[in-house]
């Protein structure tokens, strides 16, 4: 804060008027040099603007999604750091690779916890229960991002500040993933109660996801409970009970794409983060592995999702300009291979939890239960996933990045694709086809590659490794089982530094819910 001449004049004037007498108000003297331009406390609803934006744009749709899209072979890395991630030369094990995400998620979690405290009993905004519930959902969400990617991490003692805004712990202890997940479910359970309450001061348009619609946040919370309960399936003692529990959560979650948790405020100036990366670095190319899966199923998306160096759609795998990058061993360089249409989807929303994901979860549970209704639910999921892909392709072409030469896939064509190509595969291996179709639906501009990464690791842990349903073609290089701790704590927190070691554990140690110990 600047101590200006105005401050000095004000002080002298007040002292003159008071005549130096002790009766002059101490309060006035205390306020003379108060910095009113940078208040120490703001309302929770203003904090949540940043929490929602950071969660969607940076923590879900940012670097983590970009890197993990190459791990799961939705995309191929061909330039710089993404090339090294693709070839596993350095990036998957370096503490610097995900440091921005590491610090960003912790900062977001800290702000969500501040908002919760403000709206809790004794807080400055006690009684704003809906706002508190929103903050609890976001705290749970970011906690899950943190532990799903990094495993055992500082959590109970981390992302906490005192009344002066200073960190409570500079070297917080590492918590077990199992305990963090207990905390995640506690946050969601608290949110479900609070979201059915009221606010004294409505959050309104400061809520960039739902505009303060508590009913939609409630559906989001139940959908997350379904996602995270399935995440822990390998650890469940009674899987049948888990299936029933998940179906109960899904029945209280989204019923249409209009209700999904979509961060949809991108425009010409504030753009989708996948587009930002590709526009500035051009480090991603079309993935042969992904293309092969589409071709094997006669999937109509093969004519829609790739473009050549001249910005024209690639009509199909037989076209002269069809040239995806080989996974694991591409030539390094930009403008050589095809790219996906999605990397140019400037205004496509980032999805924190999509309607099609909820449907795929339901289809998976029903398939595992041998329920005859699984096929119909899977068809809904596939059609919804294709509709989401088409919306992103429209974003690319509407912004002038793609010359479309093929017709869009409408709901009828998507349904016919399911009946003719997907249904027979489902009949032969129900759970496998659910998971493959979910993987294909997560390919796009919506920031869903991290969930595909979670699914791949979850499936590897189930059935004694028998559920290795997503065939990856980068077989010459090791698959990263997790992300390395961030450099900020590897260099500053002895406990994190010891856990990191040389970083090579990312290739050998699963996270707890995928069968590991940390």
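Residue by residue, here is whether (1) at pLDDT below 95; (2) in a helix (DSSP H, G or I); (3) in the same structural domain as residue 460 (by TED's automatic domain parsing) holds:
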position	(1), (2), (3)
223	no, yes, yes
244	no, yes, yes
252	no, no, yes
275	no, yes, no
286	no, no, no
292	no, yes, no
295	no, yes, no
310	yes, no, no
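Among the residues of the range 465-489, those that are under 26 Å from residue 358 (Cα atoms) and over 19 Å from the mean Cα position of the chain (by Cα) comprise 465, 466, 467, 468, 469, 470, 471, 472.
So, in the range 293-306, exactly how many residues are over 26 Å from the mean Cα position of the chain (by Cα) and in contact (Cβ under 8 Å) with a residue 24 or more places away in the chain? Break it down stepwise before answering.
In the first step, residues of the range 293-306 are kept if they are over 26 Å from the mean Cα position of the chain (by Cα); the result is 295-300, 303.
Filter once more, so that each one left must be in contact (Cβ under 8 Å) with a residue 24 or more places away in the chain: 297-300, 303.
Qualifying residue count, the range 293-306: 5.
Here is a check on your reading of the model: is residue 211 surrounded by fewer than 21 Cβ atoms within 10 Å (Cβ to Cβ) and under 26 Å from residue 54 (Cα atoms)? Yes: the conditions hold for residue 211.
Got a sec? Which of 492, 445, 499, 441 is touching a residue at least 24 places away in the same chain (Cβ under 8 Å), more than 23 Å from residue 73 (Cα to Cα) and surrounded by 15 or more Cβ atoms within 10 Å (Cβ to Cβ)?
On the way: 492 fails: surrounded by 15 or more Cβ atoms within 10 Å (Cβ to Cβ); 445 fails: more than 23 Å from residue 73 (Cα to Cα); 441 fails: more than 23 Å from residue 73 (Cα to Cα).
Among 492, 445, 499, 441, only 499 is touching a residue at least 24 places away in the same chain (Cβ under 8 Å), more than 23 Å from residue 73 (Cα to Cα) and surrounded by 15 or more Cβ atoms within 10 Å (Cβ to Cβ).
Of the residues 163, 136, 157, only one is free of Cβ contacts under 8 Å to residues at least 12 places away in the same chain and assigned by TED's automatic domain parsing to the domain that holds residue 450; which?
163
Just one of (1) assigned by TED's automatic domain parsing to the domain that holds residue 186; (2) surrounded by 13 or more Cβ atoms within 10 Å (Cβ to Cβ) fails for residue 266. It is (1).
Only helices (runs of 4 or more DSSP H) whose full extent lies in the range 20-105 are considered here, and the ones with at least 3 residues that are closer than 30 Å to residue 331 by Cβ and at pLDDT 95 or above are 63-71, 80-87. Every condition in (1) in contact with a helix residue (DSSP H, G or I) (Cβ under 6 Å, 6 or more places away or on another chain); (2) assigned to a helix (DSSP H, G or I) is met by residue 186 except one, and the failing one is (1). Here the range 398-423 is the region considered, the condition is being touching a helix residue (DSSP H, G or I) at 6+ places or on another chain (Cβ under 8 Å) and over 30 Å from residue 365 (Cα atoms), and the residue that is surrounded by the most Cβ atoms within 10 Å (Cβ to Cβ) is 402.
For residue 408, state whether it is more than 27 Å from residue 284 (Cβ to Cβ) and modelled with pLDDT of 95 or more. Spelling it out, it is not the case that residue 408 is more than 27 Å from residue 284 (Cβ to Cβ) and modelled with pLDDT of 95 or more.
Could you tell me whether residue 454 is modelled with pLDDT of 95 or more and touching a strand residue (DSSP E or B) at 6+ places or on another chain (Cβ under 9 Å)?
Details: modelled with pLDDT of 95 or more: yes; touching a strand residue (DSSP E or B) at 6+ places or on another chain (Cβ under 9 Å): no.
So residue 454 does not fit the description; no.
Exactly one residue among 178, 136 is at pLDDT 95 or above, touching a helix residue (DSSP H, G or I) at 6+ places or on another chain (Cβ under 6 Å) and buried (at least 20 other Cβ atoms within 10 Å of the Cβ), and that residue is 136.
The values are calculated or read from the model by the stated rules, or taken from the named source; none is laboratory data. The shown structure was predicted, so the numbers you read here are calculated from the model rather than taken from an experiment. Don't worry about glycine lacking a Cβ; one is built from the backbone with ideal geometry, like all the others, and counts go over all protein chains shown.
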